[in-house]
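The values are calculated or read from the model by the stated rules, or taken from the named source; none is laboratory data. What you see is a predicted model; the values in this text were computed from it and never measured. Cβ atoms come from the backbone with ideal geometry, glycine included; neighbour counts cover every protein chain shown.
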Amino acid sequence: MSDTGMAWDFQVSKGDLHKSEIVPSATTADTELKDGDILVKVERFAFTSNNITYAAYGDAMKYWTFFPAPEGWGRIPVWGYAQVVQSKHPDVNVGERLFGYFPMSSYLKIEASRVKPDALVDASAHRAGLAPAYNKYTRLPAASALDARAEDNNAVLWPLLITSFLIDDFLDEKGFFGAKRVILSSASSKTSLGLAWALAKRRAQGIKVVGLTSAASRDFVKSTGWYDEVLSYDDIEKATLDDALFVDMAGSIETRSRIHHHFGDKLKFSLVVGGTHWEEGGRASDLPGPHPEFFFAPDRIVKRNKDWGREEFDARTQGALKEFVTAASGWFGIEEKKGQAEIAKAYAAVLNGKCPPDKGYIFLM
Ligand SMILES: NC(=O)c1ccc[n+]([C@@H]2O[C@H](COP(=O)([O-])OP(=O)(O)OC[C@H]3O[C@@H](n4cnc5c(N)ncnc54)[C@H](OP(=O)(O)O)[C@@H]3O)[C@@H](O)[C@H]2O)c1
């Protein structure tokens, strides 16, 4: 297919994420709406390993449910911006922009519900029961408070930083399970970097942060200054033996097993967060130490919104994002990828762990 203004979907084979294709979309500029619906045109979105993990766990975690695709294929959810191009909702205007969860497609039809001045929800039947954080769309004021660069930073970093912030908050709430050392796998991922940055502020509490990364990213990870110790995966057994907890962003069974065996009883808690090493995933049985628990940011978002109220929650998380962007401004950069060919190439780069760790990709439709 060509890039000539036709509506298209980027879809991947559920059984083999290395297989992707671009196909004409069933949702186009002329899609008919019923009362209450809106049609948005996807403008730009972020693409990181987080999105690959949505695909790798698409069935188990219901990520394929958001944006249906033909049998055997899936449309990966992404965080980004879209513009309303048709509206049959009295309170939503053509021309306004939304930030939220979109498919890698030209258009999305939304059943607009709970429309408030600052947000609306997609109440489409197939999205019922999925995490509220994914069904909510932020309505952006006509004169956006953010410039294009700040919007791109927001698309890449907000879903990741909010997770880093909430893990730090969770560990603090639990008194770090009595540990003084926090070990992070995929230390070069933005979610780990955000957590390392937050934890580095706890040095006075005696918390030390250990990063595990690939040999190629070691120098970069060290250069951030947020880790007290940085080891390549080959050197896991050299990690200082101390009461520790493990936050697993990589999801590699081999890495998790080696951490549990190395620390044994000194491992006080083991938290599974991500699957950047998605091809090394699986189930590990008979691990020494604590049973790994799963962390799901959208659940913690619901909890902290209730505990703190929405305003306070937004102020704290937006404050953290702003601070992180400033702290990372010396190295973090956005790289834009435009059009079908570049998007397909950049998808493969992220899938294979080839996006440089100091970059965030933005795909332009
Ligand atoms: N549970 C939740 O609620 C939640 C919420 C947000 C994010 N997450 C998870 O956090 C993880 C990090 O996401 P991110 O977007 O921050 O990542 P990212 O910045 O795109 O991370 C890139 C890094 O991941 C590793 N990597 C990526 N693909 C790889 C591959 N094919 N083979 C080997 N290593 C690979 C490499 O790090 P190393 O060389 O350092 O290993 C690479 O530098 C994701 O798995 C995501 O799902 C979970």
Among helices (runs of 4 or more DSSP H) completely within region 282-358, the ones holding 1 or more residues that are on the phi > 0 side of the Ramachandran plot and not hydrophobic (A, V, I, L, M, F, W, C) are 339-351
Go through region 333-361 and give me each residue that's free of Cβ contacts under 8 Å to residues at least 40 places away in the same chain, near the ligand (Cβ under 10 Å from one of its atoms) and touching an Asp or Glu at 6+ places or on another chain (Cβ under 7 Å). LYS359
For THR27, only one of the following conditions fails: (1) away from the ligand (no atom under 16 Å from the Cβ); (2) within 28 Å of ARG310 (Cα to Cα); (3) not aliphatic (A, V, I, L, M). What is its number? (2)
Of all residues being of a type in the set (A, V, I, L, M, F, W, C) and more than 22 Å from TYR63 (Cα to Cα) in region 281-310, which is surrounded by the most Cβ atoms within 10 Å (Cβ to Cβ)? Just the residue, please. LEU287
If I filter region 264-281 down to residues being part of a helix (DSSP H, G or I) and either without any contact (Cβ under 8 Å) to a residue 40 or more places away in the chain or small (Gly, Ala, Ser) (or both), which single residue comes out as farthest from the ligand (Cβ to nearest atom)? ASP265
So which helices (runs of 4 or more DSSP H) stay within region 132-208 end to end and still have 3 or more residues that are within 16 Å of the ligand (Cβ to nearest atom) and either of a type in the set (S, T, N, Q) or more than 15 Å from the chain's Cα centre (by Cα) (or both)? 148-173, 190-200
Six or more apart or on different chains, Cβ atoms under 7 Å: show the pairs whose first residue is in region 224-248 and at positive phi and within 14 Å of the ligand (Cβ to nearest atom) and whose second is of a type in the set (Lys, Arg) and at pLDDT below 95. none
